[in-house]
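Chemist: Below you will find the structure I want to go over with you.
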């Protein structure tokens, strides 16, 4: 191991359990205080690292860490900012190494998804090139569940649980109302390119007559007539129809059903509002009364209904990340390996960042039923263990969760200012 | 007390805890089995009562009742159907009495809001007019919290807790992202005519710098310029802006910001989709990146985050309703009376249905801050006790709540068919 301080940074969209990983990194580092100095966190992710806006987590006491571990969002701030290739923007990689050097940092943890694995990998390479001793380690996180190599991604299991529980609850509501009022309920969930989150809604449907009757996946081209026929059949048969629709639902030509028309810093389209589009279609073509919900950030911040499995895995990757650093690894990521489905067993393995960076794990084709509207037993076998167990946050006497809202002081900068590209 | 069977019916929009009331009615009736016969439930509310579609709850075992008490939605089915005045539709009131008579029913519980209190009151009058011995008793329920006389309505506290927790969580998310991405988050909540539910979002804001920074109430005419200035100020000051908007938010001339253009059976406009309207405004006028959520049915079915206070009150009104019947009361409703704010103490009192029917309790003007965007200490004092305590449902080993999905058999009809108007 190199210089003995750690820099921890969060990247991209946050999750209900990314702070559990952060707390685990800090706690594990403290266990090894003989070999590890301070754990610094970058304010607002990699941007803060480049700008030398660093937070000393040493001010967090035990109660703070307990609260941190159960707080949704990214408490140190995250960012959507992708470093360009080393050829295009060598100066940012060099600057990062300068910041690390100025603060005695020998370990860099980048807690994120595909793009972040790529960045961490490039940072590892640049450090080697410059002869700076560094353990650059990726730590997995993403609600999209689309990271390669790892069996699943911390963050996904809790979102999956939220979606399964929520569609189960809202379906019980529409069932109650259907005789004289609302007959169709539509819940929009995240998942730009893959139907992992939408598929989780299918966990609520254990018996053939259970809701949701229809899931609209990004992977299955939207067929208007087939969809309307399925809604109609469900209303005739069950009296109502409950639908989960992915924000990434699209027509055969690739056009999204709803497209807000804006793009994020990575050039991804920002989507939203497919539920009202589907609702309008149902109303116009079938005349049924409908209700629709868009869960958006609610789904990915719902720490109050986190999956215990997910929380345990989020903590485990944080702990092992520190252990990998102590062993002198670089260019790696702790990943979740499934040992068995039933009983569900898993362990943490180590993957090389270059095997993860910029790959996208697609949902297997055999997870979707032949009619395109449901999940198969194979999908259920994979998904179900991930939502198992509850891990409630502590609540205060006034009825709200004890979430951490620290006033985090920034370290004095040691370098001249820097403007990221 | 008259004939010794009970008929229980649910009415209008369901709540996360209306089934807790139902379970309490059934359990209390069983305690008094020396004086009470069967508890029948009307399938799909008053429509099922008129059509003689009745369910014998005697088939529900102890485990079923435990599951029933923690299941959202209305397990027997509800309806949006308002009986006309006795002058306009005497035949429906007479039919109801015939159904009661045919099944030896001496007690009618109507579990609903304003309209239902009115119906229960008319049923009481009609029974008296026809000389049919009946205890017609209203049982309060409505997430809108707009019933007169009662301090608060069972169902509201759990929705309030969901809204306060959810906006707290989603705000932590947007705070994390604001440096380089989303700066404005908008959450739409229910509350057609009154801002009770929107006000609950304000419970998350305990310190001046806490979110949500802006609440848009139906009671405060929407002022576009003032709103945009407030968003802009919050983004400048805090780096982000978190907003709760009521579906009933409207302009000074009464026009709703969003109006789906459809009406329900009571002639109320069906609203939805104000969040995207507000988001569009923020984007067009201020250029900030936004996210928005519409919680819709999710908020009123979220039994997984129910308020313990609310569950206790939902059960208490069910229990006292049975006791009121045993004492021979008619034309009354058990209501919640607040004894003190701090420590919070409450008891069940008895109100006359004619004092409740068709009145609408408005949110006091002094609950909204002078700027129109927040809640006052008076509002907080009233609201906070209602979200206190957690009351989690049981979960099964596969990670989902144990909600009741009974196959409820209908009783053999004893009368000729009947077509409600």
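Read-outs: derived from the displayed coordinates by stated rules, not from any lab. No experiment lies behind these values; they were computed from the predicted model shown. Heads up, the Cβs are rebuilt from the backbone with ideal geometry, glycines too, and the neighbour counts pull from every protein chain shown.
Chemist: Note the distances from residue A:233 to each other copy's matching label point, with points 7 Å along the Cα-to-beta-carbon direction, in nm, sorted shortest first.
Modeler: 5.7
Chemist: If you don't mind, there's one more thing I want to ask. Label 7 Å along Cα→Cβ of residue A:323; the range A:1-27 residues with amide nitrogen under 18 Å?
Modeler: What the label zone holds, given the 18 Å backbone N cut-off, is A:1, A:21-27.
Chemist: Treat each spin label as a single point 7 Å out from the Cα along the C-beta direction, and report the residue A:421 to residue A:90 distance in nm.
Modeler: 1.3 nm
Chemist: Can you tell me how much longer the chain between residue A:411 and residue A:341 gets when fully stretched, taken as 0.36 nm per residue apart minus their C-alpha distance, in nm with one decimal?
Modeler: My answer for the length gained is 20.6 nm.
Chemist: Follow-up. Between the label point of residue B:87 and that of the same position in each other copy, find the distances and list them shortest first in nm, with every label point placed 7 Å from Cα along the Cα-to-C-beta direction.
Modeler: Shortest to longest, the spacings are 8.7 nm.
Chemist: Could you order the peptides A:6-13, B:277-284 from most to least packed, using the average number of other C-beta atoms within 10 Å per residue?
Modeler: A:6-13, B:277-284
Chemist: In a solvent-free Debye calculation with one equal scatterer on each Cα, what is log10 I(q)/I(0) for the protein assembly as shown at q = 0.06, 0.10 Å⁻¹, listed in the order of the q values?
Modeler: -0.40, -1.03
Chemist: Taking every DSSP beta bridge with both residues inside the protein assembly as shown, roughly what % is antiparallel (nearest 5)? Intermediate values should be presented prior to the final figure.
Modeler: On the way: 38 of 98 bridges.
Around 40 percent antiparallel, to the nearest 5.
Chemist: Using only alpha carbon pairs under 8 Å that are at least six residues apart, calculate the relative contact order of chain A and give it in whole percent.
Modeler: Working: 955 pairs, mean separation 95.2, N = 421.
It comes to 23 percent, rounded to a whole number.
Chemist: For every helix of n ≥ 4 consecutive DSSP H residues, a contribution of -39,500 (n - 2.57) applies; sum these over the protein assembly as shown, divide by its total residues, and give [θ] at 222 nm rounded to the nearest 500 deg cm²/dmol.
Modeler: Counting only the DSSP helices, I get -11000 deg cm²/dmol.
Chemist: Related question: Under 8 Å for C-alpha pairs, at least 6 residues apart: give me the relative contact order for the range B:151-199, rounded to a whole percent.
Modeler: Across the range B:151-199, relative contact order equals 35 percent.
Chemist: By count of other Cβ within 10 Å, fewest leading, how are A:304, B:209, A:359, B:291 ordered?
Modeler: With the fewest neighbours first, A:304, B:209, A:359, B:291 line up as B:209, A:359, B:291, A:304.
Chemist: If a/c stays under 1.5 just call it rounded; otherwise compare a/b with b/c (prolate if a/b is bigger, oblate if not). Do that for the range B:156-303, with a ≥ b ≥ c from the square roots of the Cα gyration tensor eigenvalues. Walk me through the numbers on the way to the answer.
Modeler: On the way: a/c = 1.83, a/b = 1.31, b/c = 1.40.
Oblate shape, in that a/c is at least 1.5 and b/c is the bigger or equal ratio.
Chemist: Right, here's the next one. If you take every DSSP beta bridge whose two residues both sit in the range A:156-303, what share of them, in percent to the nearest 5, is antiparallel?
Modeler: Around 20 percent of the beta bridges assigned by DSSP in the range A:156-303 are antiparallel ones.
Chemist: Angle, helix B:90-102 long axis vs. longest principal axis of chain B, Cα atoms, 0 to 90°, nearest 10?
Modeler: The angle comes out at about 60 degrees.
Chemist: Now for a different question. Peptide A:67-76: average number of partner chain Cβ atoms within 10 Å per residue?
Modeler: 3
Chemist: Please report which chain A residue places its beta carbon nearest the axis carrying chain A onto chain B, with the distance rounded to a whole angstrom.
Modeler: Taking Cβ atoms only, the nearest residue and its distance are A:294, 2.
Chemist: A further question follows. Could you please rank A:222, B:76, B:185, placing first whichever residue has the fewest other Cβ atoms within 10 Å of its Cβ?
Modeler: Numbers: A:222 21, B:76 27, B:185 30.
Taking fewest neighbouring Cβ atoms as first place, the list is A:222, B:76, B:185.
Chemist: From the label point of residue B:251, set 7 Å from Cα along Cα→Cβ, how far away are the matching label points in the other copies, in nm, ordered shortest to longest?
Modeler: Relative to the other copies, residue B:251 has label-point distances of 3.3 nm.
Chemist: Which peptide among A:95-108, B:108-121 comes first, and what is the full order, when sorted by highest mean count of other Cβ atoms within 10 Å?
Modeler: Descending mean neighbour count gives B:108-121, A:95-108.
Chemist: Separate question: Report, to the nearest 10°, how far helix B:224-238 tilts away from the longest principal axis of the Cα atoms in chain B, using its own Cα long axis and a range of 0 to 90°.
Modeler: Here the helix axis deviates by roughly 70 degrees.
Chemist: Please report the antiparallel percentage of DSSP beta bridges with both residues in chain A, rounded to the nearest 5.
Modeler: 40 percent
Chemist: How shielded is B:285-297 by partner chains, expressed as the average number of their Cβ atoms within 10 Å of its Cβ atoms?
Modeler: Working: counts 0, 0, 0, 0, 5, 4, 7, 6, 10, 12, 7, 11, 17.
That works out to 6 on average.
Chemist: If you rank B:180, B:307 by fewest surrounding Cβ atoms within 10 Å, what's the result?
Modeler: Exposure proxy ranking, most exposed first: B:180, B:307.
Chemist: Compute the angle between helix B:274-286 and the longest alpha-carbon principal axis of chain B, please, reported from 0 to 90 degrees and rounded to the nearest 10.
Modeler: Long axis of B:274-286 versus the principal axis of chain B: about 10 degrees.
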